[in-house]
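Novice: Just dropping this structure here.
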Amino acid sequence: MTETWGPFTSWINDMPQKKTTQNIIWFKNCSSKEFPQVGGKNANLGEMFQLGLRVPPGFAVTTHAFDTFIERGRVRNNIVRTLSQIPPEDIHALEGAGRQIRDLIESTSIPTKIVKEIKEAYQKLGDLCGTPDLPVAVRSSATSEDLKTASFAGQHESYLWVRGEEEVIHHILKCWASLFTDRAIAYRNQIGWPHDKVTISVGVQKMVNAKCAGVMFTIDPIIGDENKIVVEGNWGLGESVVKGEVSPDHFLVDKQSSEILEKTVATKLVCYQLEGNKVVCAPPSPEKQNQLCLHDEELVEIVRLGKISEAHYQSAQDLEWAIDVDLPFPENVFLVQTRPVTSAGKPKQSNTDIIIDMMSSLFRR
């Protein structure tokens, strides 16, 4: 499939090849220079952290840790052999191969040295936050994510409200395994991205106890208006907005003046919230269903942070934000992700996107 790589061939060849033997890099030490080690999501979190933006603290489990793991017991050879034996257009064979690879990864032990370093970092994070068994988000950060040239973002798994050393280790394995979801395999097949070139980092980040959360675009993504900022949100964690499971509240803000131009309240029937020690999807309370999730001052602060991020990257940004119920304003306003807006104006699907959407719908059946 190398003849179909197109622009991806040069991108892979030009990709920085800086190596590290570190298994853990803290967000405060991450930047775009560490992209090959920490992936797009973690690199951007580090950039924001260094800008002084409010980012929940955490650390990256590096691609070196994954590569060390994947070479253990010839796991990589088994993956390449399994994928090389299936025709790319055979959806059912692809499903079976993906499931086999994910099972293999999740059943393989992580080297003892790496486990020790992850547990020590998790304990240190808990100490820094003053909370033993700190609730964290365990988030995939692949080196193919958050690029301007490809739509890998969202294809790999993240897990919320994970507590305890063993659970953190377990969910890191699940993030690694998600590098081989059916959709991720299919997408790489279609664009000619070689499976033996992919690698992944994982972010372990303090959870925001979110009163509400959502997304922000520092450009109007529908009409491409660079003078407007769009913010959307819902009660609870941001999963319902990111996954498109709810009609969120919608806010339109003037980028220059930060004047709030529009506030549209939605009937919000779904939200992700904490019950006991687990996240559940349930309706918000009746009084919240038709109530705006953001106060004006919170909205303006979210916009302020987004404008700083856009200025730093010198391009329109797609950000995720959260408001912590336990903290006072403005210390409660956090950014938890930023990535470039991959397209502006009315969205147009490429042939590849159309194929992937068709395959994804078949996988869900």
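Laboratory data are not the source of any read-out in this text; all were calculated from the coordinates shown. Remember, it's a predicted structure, so these values are computed and weren't measured experimentally. Every residue, glycine as well, gets a Cβ built from its backbone with ideal geometry; the counts of neighbours run over all protein chains shown.
Novice: Going Cα to Cα from LYS228, which aspartates and glutamates come in below 16 Å? Please leave out same-chain ones fewer than 8 positions away.
Specialist: ASP220, ASP254, GLU259, GLU262, GLU301, GLU310, ASP318
Novice: Choose one of ALA60, LEU299, VAL265: the residue whose Cα lies farthest towards the positive end of the charge dipole of the chain (beta-carbon charges +1 Lys, Arg; -1 Asp, Glu; about the Cα centre).
Specialist: Farthest towards the positive pole: ALA60.
Novice: Picking from TRP176, THR20, PHE217, whose Cα lies most toward the positive end of the charge dipole for the chain (charges on Cβ: Lys, Arg +1; Asp, Glu -1)?
Specialist: It is THR20, whose Cα lies furthest towards the positive end.
Novice: Would you kindly enumerate the cysteines in the chain that have no other Cys beta-carbon under 4.7 Å from their beta-carbon?
Specialist: Singleton cysteines: CYS30, CYS129, CYS175, CYS271, CYS281.
Novice: Among ARG183, ARG81, rank each residue by its count of other Cβ atoms within 10 Å, from fewest to most, as a rough exposure measure.
Specialist: Final ranking by Cβ density, sparse to dense: ARG81, ARG183.
Novice: Now a separate question. Nearest 10 degrees, 0 to 90: what angle lies between the long axis of helix 182-191 and the longest principal axis of the chain (Cα atoms)?
Specialist: Roughly 80 degrees, rounded to the nearest 10.
Novice: Based on the Kirkwood radius over alpha-carbon pairs, what is the Stokes-Einstein translational diffusion coefficient of the chain at 10 °C with 1.306 mPa s viscosity, in µm²/s?
Specialist: Estimated via Stokes-Einstein, D reaches 75 µm²/s.
Novice: Roughly how tilted is helix 35-51, in degrees to the nearest 10 and between 0 and 90, from the longest Cα axis of the chain?
Specialist: In the chain, helix 35-51 runs at an angle near 20 degrees to the longest axis.
Novice: To make sure I understand, if each residue's beta carbon is the centre and we count other beta carbons within 10 Å, what order do SER258, SER309 fall in, fewest to most?
Specialist: SER258, SER309
Novice: Kindly provide the helix-only [θ] at 222 nm of the chain, computed as the sum of -39,500 (n - 2.57) over DSSP H runs of four or more divided by all residues, to the nearest 500 deg cm²/dmol?
Specialist: -11500 deg cm²/dmol
Novice: Here's another thing I want to ask about it. Quick one: angle between helix 165-177 and the longest Cα principal axis of the chain, in degrees between 0 and 90, rounded to 10, please.
Specialist: On a 0 to 90 degree scale, this one is about 70.
Novice: Setting aside same-chain residues fewer than 8 positions from LYS268, which aspartates and glutamates have a Cα under 15 Å from its Cα?
Specialist: Output for LYS268: GLU232, GLU239, GLU245, ASP249, GLU287.
Novice: Can you give the net charge of the other residues whose Cβ lies under 12 Å from the Cβ of ILE219, counting K and R as +1 and D and E as -1?
Specialist: Neighbourhood net charge equals -2.
Novice: Related question: On a straight-distance basis, which aspartates and glutamates could pair with LYS116 in a cross-link, Cα separation under 12 angstrom, same-chain partners fewer than 8 positions away excluded?
Specialist: In chain and number order, the partners are GLU165, GLU166.
Novice: Choose one of VAL246, ASN277, GLY39: the residue whose Cα lies farthest towards the positive end of the charge dipole of the chain (beta-carbon charges +1 Lys, Arg; -1 Asp, Glu; about the Cα centre).
Specialist: Farthest towards the positive end: GLY39.
Novice: What distance in nm lies between label points placed 7 Å from Cα along the C-beta direction at ASP196 and THR342?
Specialist: Modelled inter-label distance: 2.7 nm.
Novice: Principal axis lengths of region 148-232 from Cα atoms, whole Å, largest first?
Specialist: Rounded to whole Å, the extents work out to 45, 40, 17 Å.
Novice: Multiplying the sequence separation of LYS243 and GLU120 by 0.36 nm and subtracting their Cα-Cα distance, what value in nm do you get?
Specialist: 41.0 nm
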